[in-house]
Every structure is written in C-alpha cells, then in structure tokens.
Amino acid sequence: MAHELKENGKHGLEEYVAKIFNEFKTDRQKELESKWQNNYDAYKKQLDTQWKKGEGGVNEYGTGEKNEKKWRSQRFIGITKQKIVAAHAIIVDTIMQGGQIPFFLSDNDLTEEELAEMPEVAQESHRKNREKMEARMKDQLKRCKCPEKLSELILSSAIYGEAWAKHTVKSINKVKYVPETLEDATGNIWNKEIEVDSYPNFDHISIWDIFRDLETDDLQKGRAIIQRTPISVYELRKLTSSDSFGVITDNVKSVISNQSNKSIENVNSLSPALRDIENRQKKVTMLEYWGRVPAKQLKEFLIDNKMSRIDLDDDDMDKLTENDDDGNDIEVMIWSANNSIIKIIPAEEGKRPFYRHVWDKNKDSLESEGVADNLFQIQSLMNGAVRAFEDNKKLSSNVIMALKARMLINGDQEWVPGTNYHLDEDCDDVRQAIQQVVIQDVGESLLSMINMAEQFADDESSIPRVQQGGGSSGRETAFELSQRLEKSGKYLGKVIRNLDYGIIEPFLTDLYEYNMDTVIDEDIGQGNYKVCANGFTSFQNRVNKLSALRQFLELIQSDPDIREEVNKVEIYKEFAELLDIDVDRFSFNEEDQGLKEKQAQLNAEMEQKLAELEIQKLEAEISLERARAETMVAETKIKAEEQKLRVLEEVNKVNGLSKE
C-alpha cells in the first residue's frame, strides 16, 4: 500500500532530509557565514572597514558608494593575507618536506619487548611486510594528489578557521594494450582493452558546501553531515548511470523533467567563486546526506519505491520491524536532487567519510579561529592609519587658498605657477584677497600608529615578520626575538597537531582499512597495524637530530685522532635521510663498483701523466734558463773582447802621435 505524500508531492523521508538540511543551513547562516565572509574579504583585500568618519570615500553614515568622495584614500594593506600566506607556507614546508605526507605504521598487537623476543627471521619478515604496506599507501597518496589537496586545505583553514576533506573511491577507465600472436607466427598485433580501475581518493571540500550538526564537534555522532554540490542535468545523468547501485531511476527522470531554468539554491550561501556567474548551468542542487533517518519513514519510502531492504544489517532490519518510537533511527547515505531522493544505500555507523581540521578551537564557542579572525581588529586599525596618513599628505602637501572673490578681478581662473592675478582697486593689500590655508602634517604621529599596528599583527597572529622573510622591527632585542620565534613555533605546532589528529591520521586509517578489506589475492604486506601521523613530531625530531649531528661534526673536526676513527659515509647517509634526500641517487651501488674502480684507476693514471708533464715542463724551463745564462755569458765575453779592441786602438793612436 502506497503511503500518502505531502502537499508538495514529496515523500516523508524526502521532507525529513530537506528539513535537516534547512535547519543546518539556518544555524550556519546565523552563527558562522558572516564570519567566514569577513575572513574571505580580508584575505582578498575587499573587507569594508571604517576607522573614522568618511574613511575610504564613504559618507559619515557608512551608506555611500566608494566614489562619493573620490579624493579620500581607499588603500587596503593586505596584512591579513601576508600572515595567512606565511602561515600556510611554514606549515606546508614543515609537514611535507620532500612532497610526502609523514606517517608510519606501528604494530597494533605487539609490544617492542614481544617483537624483540621473536626470531630474527620473523622480525625481518614482519618489518618487510610493514614497509610493503607503507610503500603501497605512499603510492596511493601520490596517485590521488593528496599533498596538493592537503596544501589547499591548510590555506582554507588559515582563512576560515576550519577546513574539510572527504574520502572517496574513484573509478576511471584504464586503457591497456595486450599483444596477440598472429596465426602464422610472423608477428604480434596489439589489442586495445579498457578496464575499470578503482582507487581511494582524497578531496578537499569547500567549507561553503558542508552542513553539519552544530550541537556536537564529533562528526560521527551528530545527526548528519550534508555535502551540497550544484550540478548540471548532464552531470546528473552521468552520475546516476555510472553508479547505479541504489539509484531510483523514476525519481531521476522526474527531477530532469521538472528542472526549471532557475536554481532553487540561494547564491549567497554558495562558494564566493560561484556567486557572480550569471549564465549558470549547474542548477540542480545535489545533497549527499550521511546520517541517521527515522526507521518508519525509511520503511515507507522503500515500500513505496518497491525497493528491497537495501542490504541492511540485522540490527537495522530489526528496527524496520519494531515500533515507531522516536529515536529508532538507521544510518544511511542518500542522494537528494532538488529535494527528491534519487539514491539510498545503507551506511556503517562511525564511518562517515568526512574529516575536519580546526585551526584554533575557540573554547565554549561554535566558531573556530584562523589567522584572519585573529587579525580582524588589526586590519581595521592598519587600514584606518594608512588611509589617514595618505589623506593628511594629500591635504598638507597641496596648496589650499582662501579667497575674497569681490577683491579679485580674475580669481576664477586656474591657480598655476606664474599666473598674474588682478586685484580690485579697493584692495590695499593682497592678503586681504588671498590667504593660504595651512593643514598641519601629522604624518609622523600616524607612522607610529602604523608601526604599532604591525607589532600588534605579529602578536595577534603569532607569526613574526622574520618568518615572512622580512627583517625584525629593530625595536626588540635578540633574546626577545628568539622568544617570539619560539612561541610562534609552538603555536604553529598546535595547528600541525590538529592537522595530524583531524585529517591525516583518520584518512590514512581509512586508507589502510580499504587496502585490508579490498585486496585479497595480492601480497601487499597485510598485517595488524596502527597508523600514526607524525607531521610535527617528525619535524621536531629532524631539527633536533640535525643540530646534534652538526655538534658531532664540530667535535670530529676539532680532533684529528677522532676524525680518523669515524665512518664518514654513515654520517653522510644520516644527513641525507634527515634532509629527505635520496642517498641512492648520489651513491655507488654494487653494480657500479667496477665503474668506480675503473674511474679511480683512470684518475690515478691521469694524475701520473699530469705529474710527468709537470716534470717535463720543469726540465724544459731549466734548460731554457740554462740556455739564457750561456747566452748571457757569451754576450759578456764578446763585449769584453770588443772593449779590449777599442782600448788597443786608442793605445795605437796615442803611440802614433808620439812618434810624429
């Protein structure tokens, strides 16, 4: 027997899902959306702030257009964006050095003592299995581009104070070519085959597309989690045809035939990127509902749509046959398109595939705080001070004149240098007709306010300017700066730990369970493991160990005796591992030993030849010097003989004169 529909033609279960969605939406609009919008506007440098009357070209009532007072400064100093970008860069560099998500698998049922008591062969086998599973999970993270999506999530969390992710299983058509030998065995032909390849996927979900039960922060215990996605009719057809399990075909056709030209969703609650699109094609509002529904309404819906019991477990089957008391709920996953249920399947309690990262939890509040929240007041102060500084410079640096028009004959002409102005005959002194209005320059006092705002921004965001790549303010000592940096590291460390606990560890746990549940006929290192995310811990360990290794090297270099006893290759490998460098790429392996020895022999021969050439060069230089010396001796002898002959000639001349 069919059950009575509501006045709008909707089933009771459809009305229930729509009711929950509207309640979540109303609560979100009241408590969170205005804060999110302010944070987004501050990040995009579009936030309206008014520190004093008329600031930014708006009238004193704050209701004017931006161009009402065109001369007023509308500067927006993006200090919020600067701090958000710096925090995002620091965290991404911290947890994803080498482009990998830091995690490890630990034994879930073995203590260190129990493992040590195992035979060495068993220990080695156990270690290899664990490493094999870790390698598979790392390959899966790389395939679904988890590091890139996690980076987007961190940026979103810094802006809004929280961010969301989702675990799905993605299916694609994989093309491969298989060889087939020809009958005459003269060669092969390659046949194209297409197979469906399914793999786990990680997605960052926009905060604007998630609606949850605000009464609890436990995502698994709330009434439901709803993901809203605007889709087109084409996407609706493709989605329901590719994943037909649990799909209600008649309802899909009804949604498509009744689709209007206007979306039923208010654009103000959409992601900011979608709000200003005029020619919108994605007009179907798809809700993916993960949560509890009343057993009575579920039973009626299944009967009316001639569906089976959708593979419910025994406990849920009992609920369908029990009385209809309140609280008799069943966990399901529902697709609702424009408030019509088009798919429904059972879901396991505690396995809703959503993850939430909180930047900084605000105690006893529904709101979580990000970098933009901490800088909201400072951004207003900075904008006001900079705008006042610019407005004051415009007034004090421009000539402003006070005139008595009746004493000037041509006073209405433009005031430019070199212009002659004719005074009325009754004007005895030019000062009676013209006076300069002097506006005091208060720029220096405003600069101190700007500097103060920068200092407050460092304090409120816990991200000093030096971590943005800029110099220190110069107003603090080296000790004060080091203390500020230390506290900044602890603050960001808390954010990273929240990321470990809220996103990385639960997703990797689901990934590990997916591998254990779906892979049966393949050795992937199955075992009873526990996933441990160590984003911040690994970074801290890396920094501390690098510091200790540097001190060790200084000790080695200071003592030649110790230097000879140290295995430098192992130190090199340890450094490479801590810096996430693949040491195998830069080291000789066993296959390259022959090449290494040959290269050493060639180097020795080359050095010997160079030495021989150097000796030959020295011998040639010595021979040249000897030849030069012999030449100089010969030239000296020749000159001596020439001098002797000249002396003899002079003597002969003297003797000849004496005879005469």
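Summary of values
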| read-out | value |
| --- | --- |
| Relative contact order %, region 62-192, counting alpha carbon pairs below 8 Å whose residues are six or more apart | 21 percent |
| If the convex hull is drawn through the Cα atoms of region 121-183, its volume per residue in Å³ | 177 Å³ |
| Charge sum, other residues only, whose C-beta stays under 11 Å from VAL371's C-beta, Lys/Arg counted +1 and Asp/Glu -1 | -2 |
| Region 136-179 versus region 402-455: alpha-carbon centroid distance in Å | 64 Å |
| Cα-Cα P(r), region 327-438, percent of pairs per 10 Å interval | 10, 17, 13, 12, 10, 9, 9, 9, 8, 3, 0 |
| Charge tally in the Cβ shell below 9 Å around ASN528, where Lys, Arg are +1 and Asp, Glu are -1, ASN528 excluded | -1 |
| With all protein chains modelled, accessible area of LYS45 [1.4 Å, Å²] | 100 Å² |
| Accessible surface, 1.4 Å probe, highest first, among residues HIS357, HIS126 | HIS126, HIS357 |
| Solvent-accessible ranking of MET96, MET452, largest area first, probe 1.4 Å | MET452, MET96 |
| Per-selection metrics, region 102-242 (Cα): Rg and Dmax in Å | 23.1, 74 |
| Coarse-grained scattering of region 195-309 at q = 0.13, 0.22 Å⁻¹, given as base-10 log I(q)/I(0) from a Debye sum over alpha-carbon atoms | -0.71, -1.39 |
| Percentage of interatomic Cα-Cα distances in region 386-447 larger than 14 Å | 64 percent |
| Solvent exposure ordering (accessible area, 1.4 Å, most first) of LYS283, LYS351, LYS617 | LYS617, LYS351, LYS283 |
| Accessible area of CYS144 in the full protein assembly, 1.4 Å probe (Å², nearest 10) | 10 Å² |
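The values are calculated or read from the model by the stated rules, or taken from the named source; none is laboratory data. Just so you know, these numbers come straight off a predicted model, no measurement behind them. Backbone-built Cβ (ideal geometry, glycine too); neighbour counts: all protein chains shown. With ligands, DNA and RNA removed, areas are computed over all heavy atoms of the protein, side chains included. Shrake-Rupley method; radii C 1.70, N 1.55, O 1.52, S 1.80 Å.
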